[in-house]
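Beneath this line is the structure, given in structure tokens, with notes to follow.
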Amino acid sequence: MSVSELKERHAVATETVNNLRDRLRQRRLQLLDTDVARYSSAQGRTPVSFGATDLVCCRTLQGHTGKVYSLDWTPERNRIVSASQDGRLIVWNALTSQKTHAIKLPCAWVMTCAFSPNGQSVACGGLDSVCSIFSLSSTADKDGTVPVSRMLSGHRGYVSCCQYVPNEDAHLITSSGDQTCILWDVTTGLKTSVFGGEFQSGHTADVLSVSISGSNPNWFISGSCDSTARLWDTRAASRAVRTFHGHEGDVNTVKFFPDGYRFGTGSDDGTCRLYDIRTGHQLQVYQPHGDGENTPVTSIAFSVSGRLLFAGYASNNTCYVWDTLLGEVVLDLGLVQDSHKNRISCLGLSADGSALCTGSWDSNLKIWAFGGHRRVI
Amino acid sequence: MEAGSSNSSGQLSGRVVDTRGKHRIQAELKRLQQESRFLEEELEQLEKMENASASCKEFLDSVDSKPDPLLPETTGPVNATWDQWFEGPKEAKRCGCSIL
């Protein structure tokens, strides 16, 4: 077949794909008879109401000398690892505020960090395109340098996010500026599977975030600069199970909903969205109104029931607490006493859901908990 | 580049076919055809898909069923560790790292 014939077929195929996408979009719109907020209102539900001193900052973790970019909790024992522009990982006991480790990284340009499920190792990655693993039982020299126990090399772009597979210390998933995600075997340092990339259908721009399902660790979600989120099954890497459209800008952050059947996203378009895994429906858009309407969302986390969605934004110290049922902002942690002094870049819930940790460009981490009167129904 | 023909001195005859992009176009065409198939599958699934309201109900039921320590009003049971952040220090310990 000649080049010109191929080009003709390519044009026809492009039109076919575009038509199919339009039909899909139309059909999905027909199925969107309501959203979560309208449905909940119709059921007579009212928004969560916080008193002025209900959610309080109960710890400030000081020690980094640069912007905090990433944090992760252990599955138990309330420890946190954080990564900063200062080129260090710090491991904290969140209850006592004490630092147990301060690891000086071989490459200072770190973007992400994660705790292993057994709490004995930490992983990090960044502009060096490598995911490095450190054992917390290794001895640091006087400078804080710890030998790398494993390097996961193979990405052709920066490592934007890393997460261990729940309950599997030997497996970890990374996302990258090279448009792929990789599932790694940490014991061998080898790739188990590559999701997306040149010869497979996948993201068409940098991948910025991953989140693995707690209830089904074979599933994970990725968010990308191509404005989509994709659901992957680690047992079938050749194609995404489903692609979720809707955002109008980079999807900076994705997080599975606690029950594992829905997930949230945060984007440069200023919105957070809630999607249903099984049907693919976009269930809700969380869009602030007024000033800062389109301020990029940097990071999100759900409370343990999913009723609250915490979202950090790329301006001031804004951290909205959304009532996910009613689609309303019920609190701004940036206005609470002792709040951060600069943008919140990362956040995460403790394993039992009793505390939220926020990390900020002001170089601090803060722990937030409910200190008011609790009514049990 | 494929040469159309050449004379005895090895010069190109002037009719040159440019195939530099051929393999790339073929690969992209294959990807588009694959994408078409995936999209058709998804359209088929959507024919039998339930409305969003069914998913919204599932969502509400899921949220209501879990105890949540950060809510002013929540279903039980309450875990005693929820208030650990407001209890006094159990033991005084020096900072574990010598760097900071």
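The values are calculated or read from the model by the stated rules, or taken from the named source; none is laboratory data. Because the structure is predicted, anything quoted here is derived from the model rather than measured. Counting neighbours? That spans all protein chains shown, and the Cβs are built from the backbone with ideal geometry, glycine included.
Couple of notes before you dig in:
- From the options A:GLY197, A:GLY223, A:GLY266, residue that is part of a loop (DSSP other than H, G, I, E, B) and either away from every other protein chain (no Cβ under 14 Å) or at positive phi (or both): A:GLY197
- Of all the numbered requirements in (1) in contact with a His (Cβ under 9 Å, 6 or more places away or on another chain); (2) part of a strand (DSSP E or B), A:LEU356 misses one, and that requirement is (1).
- Within the stretch B:22-46, considering residues that are acidic (Asp, Glu) and over 14 Å from A:ARG278 (Cα atoms), the one surrounded by the most Cβ atoms within 10 Å (Cβ to Cβ): B:GLU35
- Condition check for A:GLY202: of a type in the set (Gly, Ala, Ser), crowded, with 21+ Cβ neighbours inside 10 Å and more than 23 Å from A:ASP22 (Cα to Cα): no
- Scanning the stretch B:90-99 finds no residues that are modelled with pLDDT of 90 or more, within 29 Å of A:HIS373 (Cα to Cα) and more than 7 Å from every other protein chain (Cβ to nearest Cβ).
- Being out of contact with any Cys (no Cβ under 8 Å at 6 or more places or on another chain), touching a residue at least 12 places away in the same chain (Cβ under 8 Å) and among the charged types (D, E, K, R) is not true of A:ASP250.
- Meets criteria (in a loop (DSSP other than H, G, I, E, B) and among the small types (Gly, Ala, Ser)) for A:ALA11: no
- Between A:ALA83, A:ALA102, the distinction of being more than 30 Å from B:LEU60 (Cα to Cα), assigned to a strand (DSSP E or B) and at the interface with chain B (Cβ under 7 Å from one of its Cβ atoms) belongs to A:ALA102 only.
- All of A:LEU356, A:LEU326 fail the test of being of a type in the set (A, V, I, L, M, F, W, C), at negative phi and buried (at least 23 other Cβ atoms within 10 Å of the Cβ), apart from A:LEU356.
- Residue within the stretch A:59-70 that is at pLDDT 95 or above, within 10 Å of chain B (Cβ to nearest Cβ) and assigned to a strand (DSSP E or B) present: yes
- Residues (of a type in the set (A, V, I, L, M, F, W, C) and either in contact with a Ser or Thr (Cβ under 6 Å, 6 or more places away or on another chain) or farther than 24 Å from B:LYS57 by Cβ (or both)) located in the stretch A:25-58: A:PHE50, A:ALA52, A:LEU55, A:VAL56, A:CYS57, A:CYS58
- Qualifying position, being at the interface with another protein chain (Cβ under 9 Å from one of its Cβ atoms), touching a strand residue (DSSP E or B) at 6+ places or on another chain (Cβ under 8 Å), more than 19 Å from B:GLU58 (Cα to Cα) and not small (Gly, Ala, Ser), among A:ARG374, A:ARG307, A:ARG343: A:ARG374
- Scanning the stretch B:64-88 for residues that are surrounded by 13 or more Cβ atoms within 10 Å (Cβ to Cβ) and either more than 7 Å from chain A (Cβ to nearest Cβ) or over 17 Å from A:PHE50 (Cβ atoms) (or both) yields B:ASP64, B:LYS66, B:PRO67, B:THR75, B:VAL78, B:ASN79, B:THR81, B:ASP83, B:GLN84.
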